[in-house]
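Following: one structure in structure tokens, then a few remarks.
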Number of protein chains: 2
Amino acid sequence: MTETELSRLAGTVRPVAADALEAAQARLDKLTKPPGSLGRLESVARRLAAVQGTTRPAIRKKRIYTLAGDHGVTEEGVSAFPREVTPQMVLNFLRGGAAINVLARHVGAEIVVVDLGVDHDFQGVDGLVHAKIRRGTRNLSREPAMARDEAVQAVGVGVDLARRAAEDGIDLLAVGEMGIGNTTAASAILAALGGLDPEQAVGRGTGVDDDGLRRKADAVRRALAVNRPDPSDPLDVLHKVGGFEIAGMVGIFLGAAVRRLPVVVDGFISSSAALVAVRMAPAAEDYLFLSHLSHERAHARLLDLLDRDPLLVLEMRLGEGTGAALGLTLVEAAARLLSEMATFSEAGVASKGA
Amino acid sequence: MTETELSRLAGTVRPVAADALEAAQARLDKLTKPPGSLGRLESVARRLAAVQGTTRPAIRKKRIYTLAGDHGVTEEGVSAFPREVTPQMVLNFLRGGAAINVLARHVGAEIVVVDLGVDHDFQGVDGLVHAKIRRGTRNLSREPAMARDEAVQAVGVGVDLARRAAEDGIDLLAVGEMGIGNTTAASAILAALGGLDPEQAVGRGTGVDDDGLRRKADAVRRALAVNRPDPSDPLDVLHKVGGFEIAGMVGIFLGAAVRRLPVVVDGFISSSAALVAVRMAPAAEDYLFLSHLSHERAHARLLDLLDRDPLLVLEMRLGEGTGAALGLTLVEAAARLLSEMATFSEAGVASKGA
């Protein structure tokens with residue numbers, strides 16, 4: 001993918017139709033329940049229906065893309081876990097032993113693991129989508145994490161993953177990630193696009209102590225000073241302070257929106273990718289479903305910049321797509337309620353005030 | 001069941017073992033994830049493991065009991081829906097068209113509908129558990145809703161339902177209810193047991209307007225004045241201002257605790273039943289999992305009296321067990337994470353700081 005192709009793609013994203021939202025609401029109000037009594041599930045169902053262009057949305061096939069990449073900024077001591085954990089966890093995903101595997105099975109979703117930039121040679125490893133662009137980003141606190149065209153290439157991988165999902169008949173996508181050091185990249189994106197002070201944009205990630213937290217804020221501060229990412233150019237921010245797996249998720253969000261596929265966003269890191277995608281194509285927001293508010297302290301600020309509320313608040317902070325998996329089953333529940341419930345007249349039930 | 005038998009049963013409820021909680025925590029900390037990163041799901045998994053007395057909890061069979069009953073207080077104009085809706089919705093449950101049917105299918109749970117006090121003759125209707133005690137309670141704002149022995153009888157039905165679930169090999173129970181007028185009864189229980197002013201204890205239920213809300217507060221105020229329920233005697237409160245389906249849920253909570261079966265609580269009304277059960281047998285709380293904070297405005301005050309946090313906040317206010325069904329799938333997810341995830345050593349993953 002070239003940058004021109006990416007711009008063209010972003011330009012084709014269209015919001016969902018207002019009349020489709022109204023038609024879904026009209027059906028919701030005929031179902032055997034007090035109006036509005038399904039709460040947040042009703043707005044989810046309504047938007048999902050509009051995304052699918054029907055008042056009877058159906059979710060048959062679900063897929064979770066878990067994207068992995070390493071981060072040069074780990075040399076600044078920003079993570080509680082060593083860098084080798086990224087490839088080790090990728091292998092754990094492939095063997096089915098990680099939290100995301102358990103939750104994917106629980107919610108009936110397929111999981112597809114993609115290497116976009118892990119610092120490990122996975123040659124010959126089965127069951128992994130091999131889309132490595134480089135063995136990890138450069139240290140964003142000293143230089144751009146990726147070249148601009150590398151970032152575009154990673155976005156292109158994501159666009160392709162969304163296309164493949166559509167071709168495979170997937171009705172609902174979810175994303176997640178694995179990458180030691182990637183909360184620092186996500187914090188840098190938040191600081192750059194949200195105009196936040198680095199202290200406000202960082203959190204404890206997988207569990208750094210106070211010193212680690214200071215090192216993260218420091219790394220983000222230097223990243224902004226050295227790279228001067230331009231908040232009016234989301235691709236500039238992405239390539240300078242992002243990561244390969246983050247860029248891949250940006251591509252999935254854009255590609256899904258183009259193909260009118262709903263996508264469930266995971267936690268802090270995938271939300272930073274969602275913010276980049278929405279800055280590239282504002283209407284992409286209509287296709288995003290925010291699964292949860294994570295325990296990462298800056299996540300709330302990040303979600304404030306996306307104009308949607310998360311479905312869950314469970315103090316999770318694991319990534320991988322674990323929050324998205326749970327969000328996905330709630331989105332599916334909402335769709336089924338709209339499609340499968342009886343109406344007052346079908347059921348012979350008196351409606352309000354009747 | 002007699003009152004003496006009920007007291008004896010309540011006296012046999014034991015808290016979960018502290019060492020079982022510790023053993024579950026020890027396993028949680030060996031799993032391939034940063035310690036604590038599954039957030040609230042970890043405390044759910046830990047307690048569920050302790051309830052089952054294992055570090056590898058298993059949820060194979062799930063059942064939702066939806067209990068129905070009518071309320072004499074409807075003659076005070078406290079509900080937005082007419083009283084006939086209770087039997088109409090019971091029939092909707094049996095035909096599979098209600099929200100709870102859709103959600104039960106979605107989460108893979110069986111649903112069992114029980115008539116404890118609906119003002120309708122269901123003779124010959126299949127698929128319904130016939131346990132009617134009377135065709136609706138008396139008007140609690142004028143006289144006791146139930147005789148003391150009627151309430152005991154309804155609790156006994158619930159105890160029996162929990163016993164049957166255990167015998168049927170159910171691993172996880174959930175409860176819900178249907179009964180036009182029952183938010184008023186639940187509010188009266190909350191006001192009586194929590195020492196709240198009636199205004200603080202009522203909400204809009206299925207959607208009453210401001211006048212309806214005043215009538216509800218008024219009905220609760222008169223209920224307390226006329227009946228003088230004794231907060232130190234939960235059975236006194238239950239029979240004077242409760243309802244048949246509420247008493248049935250009290251019995252399920254107690255019976256489940258005795259049989260060490262975890263139970264997921266639904267919204268405002270089932271939480272009022274949980275409060276009564278916990279006042280009868282404080283250790284019963286260990287077996288309860290609160291599914292959601294509902295949109296009913298007094299629910300937060302009610303949950304404050306139960307020493308647990310709800311899993312979901314989705315502005316739902318439908319009852320039937322709809323919140324409990326979603327809570328149930330989260331509890332099951334937590335159990336599966338604890339049982340199915342690989343440990344650091346099994347997966348060959350470096351742990352924190354390694």
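The condition of being more than 13 Å from chain A (Cβ to nearest Cβ), over 30 Å from A:VAL44 (Cβ atoms) and free of Cβ contacts under 8 Å to residues at least 40 places away in the same chain holds for B:VAL278.
From the list B:ARG95, B:ARG46, B:ARG63, the lone residue that is among the charged types (D, E, K, R) and out of contact with any helix residue (DSSP H, G or I) (no Cβ under 6 Å at 6 or more places or on another chain) is B:ARG95. The requirement of being aliphatic (A, V, I, L, M) and surrounded by fewer than 24 Cβ atoms within 10 Å (Cβ to Cβ) is satisfied by B:MET280.
For first residues located in the range A:44-69 and touching a residue at least 40 places away in the same chain (Cβ under 8 Å), partners that are outside any loop (DSSP other than H, G, I, E, B) and of a type in the set (Asp, Glu) and lie 6+ apart or on another chain with Cβ distances below 6 Å form the pairs A:ILE59/A:GLU332; A:ARG63/A:GLU110; A:LEU67/A:GLU177; A:LEU67/A:GLU245; A:ALA68/A:ASP115; A:ALA68/A:GLU245; A:GLY69/A:GLU245. For the range A:72-91, the set of residues classified as under 30 Å from A:GLU332 (Cβ atoms) and either free of Cβ contacts under 8 Å to residues at least 40 places away in the same chain or surrounded by fewer than 19 Cβ atoms within 10 Å (Cβ to Cβ) (or both) consists of A:LEU91 only.
Contact map, the range A:306-332: first residue facing another protein chain (nearest Cβ under 10 Å) and over 14 Å from A:VAL44 (Cβ atoms), second residue of a type in the set (Lys, Arg) and surrounded by fewer than 24 Cβ atoms within 10 Å (Cβ to Cβ), Cβ cut-off under 7 Å, separation 6 or more or different chains; pairs are A:LEU314/B:ARG40; A:GLU315/B:ARG40. Residues that are buried (at least 24 other Cβ atoms within 10 Å of the Cβ) and facing chain A (nearest Cβ under 7 Å) within the range B:33-50 comprise B:LYS33, B:LEU38, B:LEU41, listed in sequence order.
Collect the residues in the range B:256-266 that are surrounded by 24 or more Cβ atoms within 10 Å (Cβ to Cβ) and over 19 Å from B:GLU110 (Cα atoms), keeping them in residue-number order. B:ALA257, the sole residue that qualifies.
Yes or no, residue by residue, for (1) closer than 23 Å to A:MET249 by Cα; (2) of a type in the set (Lys, Arg); (3) modelled with pLDDT of 95 or more:
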{"position": "A:THR32", "(1), (2), (3)": "no, no, yes"}
{"position": "A:LEU48", "(1), (2), (3)": "yes, no, yes"}
{"position": "A:ARG56", "(1), (2), (3)": "no, yes, yes"}
{"position": "A:ARG63", "(1), (2), (3)": "yes, yes, yes"}
{"position": "A:THR66", "(1), (2), (3)": "yes, no, yes"}
{"position": "A:HIS71", "(1), (2), (3)": "yes, no, yes"}
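Within the range A:289-311, can you find the residues that are out of contact with any strand residue (DSSP E or B) (no Cβ under 6 Å at 6 or more places or on another chain) and of a type outside the set (A, V, I, L, M, F, W, C)? Within the range A:289-311, A:SER294, A:HIS295, A:GLU296, A:ARG297, A:HIS299, A:ARG301, A:ASP304, A:ASP307, A:ASP309 meet the criteria. The single condition from (1) closer than 30 Å to A:THR343 by Cβ; (2) more than 14 Å from chain B (Cβ to nearest Cβ); (3) out of contact with any Leu (no Cβ under 7 Å at 6 or more places or on another chain) that A:ALA58 fails is (2). For the range A:293-303, what are the residues that are more than 9 Å from chain B (Cβ to nearest Cβ) and touching a residue at least 12 places away in the same chain (Cβ under 8 Å)? Result: A:LEU293, A:GLU296, A:ARG297, A:ALA298, A:HIS299, A:ARG301, A:LEU302, A:LEU303. Elements of the type helices (runs of 4 or more DSSP H) sitting completely within the range B:13-115 and holding at least 2 residues that are among the polar types (S, T, N, Q): these cover B:40-52, B:85-95. Residue-level analysis places A:ALA273 outside the set of residues that are out of contact with any Gly (no Cβ under 9 Å at 6 or more places or on another chain), touching a residue at least 12 places away in the same chain (Cβ under 8 Å), more than 9 Å from chain B (Cβ to nearest Cβ) and part of a helix (DSSP H, G or I).
Of the helices (runs of 4 or more DSSP H) lying entirely inside the range A:116-225, the ones with 3 or more residues being crowded, with 23+ Cβ neighbours inside 10 Å, out of contact with any Ser or Thr (no Cβ under 7 Å at 6 or more places or on another chain) and of a type in the set (Ser, Thr, Tyr) are found at A:182-194.
What do you reckon, is B:GLY255 at pLDDT 95 or above and touching a helix residue (DSSP H, G or I) at 6+ places or on another chain (Cβ under 6 Å)? Yes: the conditions hold for B:GLY255. Out of everything in the range A:333-354 that is part of a helix (DSSP H, G or I) and within 7 Å of chain B (Cβ to nearest Cβ), what residue ends up being surrounded by the fewest Cβ atoms within 10 Å (Cβ to Cβ)? The extreme case among them is A:GLU346. If the condition is being under 22 Å from A:ASP29 (Cα atoms), touching a Ser or Thr at 6+ places or on another chain (Cβ under 7 Å) and aliphatic (A, V, I, L, M), then the range B:90-115 contributes B:ALA98, B:ALA99, B:ILE100, B:LEU103. In this entry, A:ARG47 passes the filter for residues that are over 18 Å from B:PRO34 (Cα atoms) and basic (Lys, Arg).
Taking into account only those residues within the range B:9-43 that are among the hydroxyl-bearing types (Ser, Thr, Tyr) and in contact with a helix residue (DSSP H, G or I) (Cβ under 7 Å, 6 or more places away or on another chain), which is farthest from B:MET341 (Cα to Cα)? Across the range B:9-43, the extreme among qualifying residues is B:THR12.
Is one or more of the residues making up the range B:244-267 out of contact with any strand residue (DSSP E or B) (no Cβ under 6 Å at 6 or more places or on another chain), touching a residue at least 60 places away in the same chain (Cβ under 8 Å) and farther than 30 Å from B:VAL44 by Cβ? No, there is no match, as no residue in the range B:244-267 is out of contact with any strand residue (DSSP E or B) (no Cβ under 6 Å at 6 or more places or on another chain), touching a residue at least 60 places away in the same chain (Cβ under 8 Å) and farther than 30 Å from B:VAL44 by Cβ. Between A:LEU94, A:LEU103, the distinction of being within 14 Å of chain B (Cβ to nearest Cβ), surrounded by fewer than 21 Cβ atoms within 10 Å (Cβ to Cβ) and in contact with a Leu (Cβ under 7 Å, 6 or more places away or on another chain) belongs to A:LEU94 only.
The values are calculated or read from the model by the stated rules, or taken from the named source; none is laboratory data. Predicted model, so just to flag it, every value in this text is computed and none were measured. Methodologically, a virtual Cβ is constructed for each residue, glycine included, from the backbone with ideal geometry; neighbour enumeration extends over all protein chains shown.
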